[in-house]
Amino acid sequence: MNDERRREESADVLGGPGLIRRVRVASRGGPGGEATGAVRVLSRVVGPDADVFERQLPFVVSFAVAVTVVVCIPDSILHPVWAATSVLVAVTVPLLARVVPWRDGPPWAEDVLPLIQLVAVALLRFATGGGVSIIGALVFIPVVTLAGRPGRAGMFVGPVAVGFAVLAPVLLDPDMTVSATLLARSLFVAFVAATIAVIVHEATSRLRARNASLADLEREAQRLNEHLRRDADTLAELVQGGEAAYAHLVSVIDAVTEQAIIATDAEGRVEVFNPGAERLLGYRRDEFVGESRVADLLDTSELRRRYAEVFGVGADQAEVADQPDLFAAVAAPSILPEARADDWTIIRRDGTRVTVNLSVTRRVDGHGSTIGYVFVATDVTAERESSRLKDEFVSLVSHELRTPLTSVLGYLELVLDGPDPLTDEQREFLTVVQRNARRQLRLVSDLLLTAQVDAGTFAISRQPMDLTATARSVLVDMAPVAEAAGLTVVVDGPPVAIEGDPQRLEQVFTNLISNAVKFTPRGGRISVRVSPADGGGARVDVTDTGIGIPPDELDRLATRFFRATTATRQAIPGVGLGLAITKAVVGAHGGELTVASTVGEGTTFTFTLPGS
């Protein structure tokens, strides 16, 4: 029912069936039409809408009236035989109009009927007194019929035939002669008939043209109405599809309970508040949707500080910023490339504070204008607290382990290098202890380094150095391990002088080459290429033919304690700190670490260092 009403309303845009009905009424001179009564009669009996039989009705009716009048005045019939003959001729007109298939013949075939009408009129006129006959005016009806036919032939044939009809008594009565009066009457009646023919022809031509225009308009209206009906149906389907999609989206949003999903308008007023938001924030949907804003949920001091950071303004200006301006700082990650999604402190209804990771998506219309934002907030309070405690634990344990390990290594050196002799078995055992103690000390040092990076106390000591020489010295140390693994390791490149920390960069080479050794099967190759960078500085590529890294894990390789699935599946030992330290050292030098990898083919780590 709604679809039908929608189609009717859509059809009324162009008039629809109502317009078509008005076209038809206007073509018939109905209400609102401009046609006069005479034109309406002509449209019916001589116009293009009338059939052959209908166009004969005016003559048949008029002739019947004339015969009735003549019969009522017996003295007016001078030649009864000719009168009867005229009636028989007149009767053939409607019979022929009804029986003969005129539409199958040539266009001019119908003109025979008006000529037969003129014959009937001429006979009746002669039978009732000729020039003094009371039915002489009937000669003009066939003229009107002929003049209303398409083309100009009827406009000329009619008056000529009328002239001969006036002269019919001369042809039918041998005693009658052609007098000047009779000839003048014939010409004058023919002239009047011609005048009527011209008027009727022009009127019907205009009516025919008008009807043709109205017919074209009706067809066009029907075509447009059909297009509009199809468009209305399509629009109805789109609307239904949109409503279904919206309902589906709402159901999906409502099904999310672990994340708070909040949609706003362009000014930050809340429009959507899902059950996850109710659970996280403690507000009911009906009391928050409407005039409340996202900025109302955030810690004001933190919001003003973020506003100053994002837009580079002073604290005084941030202090006087109003709600719309402060909201711009929240929405900035979806607008400004340099802004990033970050953790925010949200104040719940009961006053407690939770830390959430807030992602923002800008909603735009078809013209690209902002119509609102969608915020997805995930509670990371426990995660951040766990990370903080882990960092404190790592820092504490690292410091507590470094001192005893250093002491153990010192005493091991005294025993191994001391004057007291050791058996081969004792020396072997002590060497194993020393090797594992050094490994633990390196692990502790790595943990301390990551703690320094997090605390912002990590520093490097720059000095002139040859980066290629550093790479070769690391290769010398790694050669026994690589040889035992059945790998070929080469260092290639000219001397490259930079300003850097030799100890830390040696650690970078060690981490990258040792990773390549661990993840490259026997028979593989590891290539270290050192080259000068464009504009000064250096570029280093460490390429292996190892097992590779899945593409979706590349961005997390430098995360502390992260290990690729290809490593864990093959039980390759490691802690997951090497690349995190490598990235920190390269970043401290002002450089950048990137990685490209294909699973099953190998990996290339590339880091660049700026010039001095």
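Can you sort Trp108, Trp82 so the residue with the fewest Cβ neighbours within 10 Å comes first?
Trp108, Trp82
Taking all pairs of different Cα atoms in the stretch 151-296, averaging 1/r and flipping that mean, what Kirkwood radius in angstroms comes out?
23.7 Å
Asp342 label point, 7 Å along Cα→Cβ, cut-off 15 Å on backbone N: hits in the stretch 248-286?
none
Sort Arg522, Arg206, Arg362 so that the residue with the fewest other Cβ atoms within 10 Å of its own Cβ comes first and the one with the most comes last.
Arg522, Arg206, Arg362
Could you work out the pair-distance distribution P(r) of the stretch 463-609 from its alpha-carbon pairs, with 5 angstrom bin width and percents rounded to whole numbers?
Once binned at 5 Å, the Cα pair distances of the stretch 463-609 give 2, 10, 20, 24, 21, 14, 7, 2, 0.
Give me, ordered by chain and number, the residues 5 or more places off Ala533 or on other chains with an amide H under 5 Å from its own placed amide H.
The answer is Ala538, Arg539.
What's the exposure ranking of Val310, Val476, Val294, going from fewest to most Cβ atoms within 10 Å?
Val476, Val310, Val294
Please state the charge dipole magnitude for the stretch 222-319, taken about the Cα centre, from unit charges on C-beta atoms (+1 on K and R, -1 on D and E), reported in debye and rounded to the nearest 20.
200 debye
Would you work out the relative contact order for the stretch 463-609, in percent, from Cα pairs under 8 angstrom that are 6 or more residues apart?
23 percent
Any chance you could run the full-extension gain for Val250 through Ile77? It's 0.36 nm times the residue separation minus the Cα-Cα distance, nm to one decimal.
Once the chain is fully extended between Val250 and Ile77, it gains 52.7 nm.
Give, in nm to one decimal, the length gained when the segment between Ala459 and Val100 is fully stretched (0.36 nm per residue of separation minus the Cα-Cα distance).
117.7 nm
Pick out, in residue order, every one of the GluC sites (Glu not before Pro) in the stretch 178-258 that is DSSP loop and has at most 10 other C-beta atoms within 10 Å; say none if there are none.
Those that pass, being in a loop and sparsely packed, are Glu258.
Since every read-out is calculated from the coordinates, none of them should be taken as a lab result. All values reported here derive from a predicted model rather than from experimental measurement. Methodologically, a virtual Cβ is constructed for each residue, glycine included, from the backbone with ideal geometry; neighbour enumeration extends over all protein chains shown.
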